[in-house]
1. Testing GLY32 on (1) out of contact with any His (no Cβ under 9 Å at 6 or more places or on another chain); (2) closer than 30 Å to LYS327 by Cβ; (3) outside any loop (DSSP other than H, G, I, E, B); (4) not polar (S, T, N, Q), one condition comes back false. Which one is that?
2. Pairs only if they're at least six apart or on different chains, beta carbon under 6 angstrom, first in segment 295-322 and closer than 17 Å to LYS79 by Cα and in contact (Cβ under 8 Å) with a residue 24 or more places away in the chain, second among the β-branched types (Val, Ile, Thr) and part of a helix (DSSP H, G or I); list them, first residue then second.
3. Within segment 253-260, is even one residue crowded, with 19+ Cβ neighbours inside 10 Å and farther than 24 Å from ALA293 by Cα?
4. All but one of (1) surrounded by fewer than 19 Cβ atoms within 10 Å (Cβ to Cβ); (2) more than 15 Å from ligand 2 (Cβ to nearest atom); (3) under 18 Å from the mean Cα position of the chain (by Cα) hold for CYS207; state the number of the condition that does not hold.
5. Could you tell me how many of the residues in segment 300-336 are touching a helix residue (DSSP H, G or I) at 6+ places or on another chain (Cβ under 9 Å), modelled with pLDDT of 95 or more and part of a loop (DSSP other than H, G, I, E, B)?
6. Which pairs have Cβ atoms under 7 Å, sit 6 or more apart or on different chains, and link a residue in segment 220-239 that is touching a residue at least 60 places away in the same chain (Cβ under 8 Å) and within 17 Å of VAL282 (Cα to Cα) to one that is basic (Lys, Arg) and not in a loop (DSSP other than H, G, I, E, B)?
7. Pairs only if they're at least six apart or on different chains, beta carbon under 7 angstrom, first in segment 91-110 and touching a residue at least 12 places away in the same chain (Cβ under 8 Å), second assigned to a loop (DSSP other than H, G, I, E, B) and not acidic (Asp, Glu); list them, first residue then second.
8. Can you pull out every residue in segment 35-53 that is more than 14 Å from ligand 2 (Cβ to nearest atom) and either part of a helix (DSSP H, G or I) or within 28 Å of GLY126 (Cβ to Cβ) (or both)?
Amino acid sequence: MEETKKKIMLSGIQPSGDLHLGNYLGAVKNWGARAEEFDCYYFMADLHTLTVRQDPKLLRRRSLEQLAQYIACGIDPEKNVLFLQSHVHEHAELGWILNCYTMFGELSRMTQFKDKCAKNADNINGGLFTYPSLMAADILLYQTDYVPVGEDQRQHCELTRNIAVRFNNIYGETFKVPEAYVPKAGARVMSLGNPSSKMSKSDPNGCVFLMEKPEDIARKFKRAITDSDTESCVRFDMENKPGVSNLMNIYSAVTGKSFEEIEKEFDGCGYGVFKPAVGDAVIEALRPIREEATRLLNDKEYLRSVYTEGAQKASVIARKTLRKVYKKVGLVEKPF
Ligand code: ATP
Ligand code: LTN
């Protein structure tokens with residue numbers, strides 16, 4: 001990537017599960033299109049997954065699968081920097097420094113920490129607590145301007161801003177203060193089994209995975225919960241018809257059609273016609289992604305070249321920021 005004055009965009013997803021339609025429509029699908037406007041860095045947040053016990057073999061496999069899926073979703077490695085977080089050691093190093101500029105009280109207030117404690121009562125480890133300082137390091141190392149994430153990550157981004165401002169106030173201008181870049185409400189895909197909660201890998205029945213077989217996707221859409229109102233008509237009404245509205249949202253996101261066009265297309269049709277049609281549209285949208293990701297996964301050499309080059313490019317920037325930070329806090333400059 002040539003030197004430009006473009007703004008920096010950066011985001012990561014933990015390879016702790018398979019990517020699903022929510023991750024795709026809410027995040028990854030839009031990332032690929034940003035490359036002309038921004039210098040983009042996308043990574044697998046593999047160090048972050050260690051805060052919850054992982055199966056080592058599965059973690060290694062998922063990290064590569066996620067990379068293949070990022071590329072298959074249109075994130076071109078020629079135009080974006082794609083890498084594994086653990087391959088750029090500056091993340092862990094800056095993470096340690098930032099731990100020393102993050103308050104116990106701030107970390108205690110993080111809702112993700114509280115949620116994860118409730119879910120992993122037998123493994124409330126230090127990493128789970130200091131997760132946000134490592135995330136701040138991920139972001140601040142690259143002098144990031146924008147962090148495209150879901151609503152749930154806004155609190156971590158706010159903390160990152162506070163850490164950056166605190167550090168800058170003590171040592172002078174060191175970090176760019178980043179902004180969360182949260183997509184419009186439409187990007188919130190809800191569970192097919194329960195339209196009042198968001199589609200998430202922890203609810204596999206209501207969740208459609210990118211690599212899922214077409215017949216399984218079709219079955220999930222046929223069984224999708226619709227609304228128990230008397231009129232079985234396709235109309236967007238999030239409040240009174242959340243199930244159908246969620247399906248319309250998905251159909252609109254994958255076909256590019258407006259809600260008006262969709263209402264017209266299915267005028268007079270019941271849910272029995274609409275649900276399989278949404279399933280078919282999703283199957284067709286995901287087919288090329290699944291095929292390309294499968295092809296890429298068989299080409300381990302190529303994937304290796306992508307993450308090697310990505311880590312090399314990322315390291316150049318990360319090293320520069322870390323060197324500056326070490327100097328500011330008073331560490332003696334490394335002689336080699
Ligand atoms: P969990 O199972 O822990 O809830 P998840 O499946 O929601 O995880 P994350 O890894 O937390 O996924 O999210 C990765 C990114 O995908 C987030 O930044 C968010 O923008 C996006 N995302 C996740 N779920 C959805 C959803 N249902 N709709 C839209 N975007 C989503
Ligand atoms: N915490 C995020 C994953 C994540 C991230 C980041 C996102 C780790 N480091 C830096 C954006 C920028 C999550 O759980 N979705």
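1. (2)
2. Qualifying pairs under 6 Å: none.
3. No, segment 253-260 contains no residue that is crowded, with 19+ Cβ neighbours inside 10 Å and farther than 24 Å from ALA293 by Cα.
4. (1)
5. Qualifying residue count, segment 300-336: 2.
6. Taking only residues 6 or more apart or on different chains, the pairs are PHE221/LYS275.
7. HIS91/LEU141; LEU94/LEU141
8. ARG53
The values are calculated or read from the model by the stated rules, or taken from the named source; none is laboratory data. Computed from a predicted structure; not experimentally measured. Positions of Cβ are generated from backbone atoms using ideal geometry, with glycine treated the same way; all protein chains shown enter the neighbour counts.
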